[in-house]
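Below: one structure, written as structure tokens.
The values are calculated or read from the model by the stated rules, or taken from the named source; none is laboratory data. No experiment lies behind these values; they were computed from the predicted model shown. For neighbour counting, all protein chains shown are included, and Cβ atoms are generated from backbone atoms with ideal geometry for every residue, glycine included. These area figures cover heavy atoms from the full protein model, side chains too; ligands, DNA and RNA do not enter into them. Shrake-Rupley method; radii C 1.70, N 1.55, O 1.52, S 1.80 Å.
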Amino acid sequence: MHENIAFMNINDRSRIQWACRRGMLELDISIMPFFHHDYDGLSDSDKQLFVRLLALPDPDLFNWMMNYSKPEDPGLQRMVRLIQTRNQQRGSVAI
């Protein structure tokens, strides 16, 4: 579904925002607020990591965001934790 996303320019906010829209509400309410509130403050390497995360299938992202499993890649593990932590700190927000 999102294969070409991994090659996306980290400064192309409109394409990245489009890629944040997923097929599951649970993912939308995790990923979209993080993008809107936190993406611009990330380092370029973390932006690349976030874009890499977006290229992965929804079932994997869902399992990771819901803590049913963890990515094997330590960088992706860190990005998932960062998304979860920032969203928890912010509390409930509208997409």
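Annotation: extensible slack from T85 through D58 equals 7.7 nm (criterion: 0.36 nm per residue apart, minus Cα-Cα distance). Eigen-decomposition of the gyration tensor built on the alpha-carbon atoms of the chain gives equivalent ellipsoid semi-axes of 17, 15, 14 angstrom, largest listed first. When each of the peptides 76-89, 50-63 is scored by the mean number of other C-beta atoms lying within 10 Å of its residues, the order from highest to lowest reads 50-63, 76-89.
Annotation: per residue accessible area for the chain equals 58 Å², rounded to a whole number [probe 1.4 Å, protein chains only]. Dividing the summed helix terms, -39500 (n - 2.57) for each DSSP H run of n ≥ 4, by the number of residues in the chain produces a 222 nm estimate of -19000 deg cm²/dmol to the nearest 500. Does region 39-95 come out rounded, prolate or oblate, given a ≥ b ≥ c as the square roots of the eigenvalues of its C-alpha gyration tensor, rounded meaning a/c under 1.5 and, failing that, prolate meaning a/b above b/c? Since a/c reaches 1.5 but b/c is at least a/b, the shape of region 39-95 is classed as oblate. Within the full protein context, the accessible area of S45 is estimated at about 80 Å² for a probe radius of 1.4 Å.
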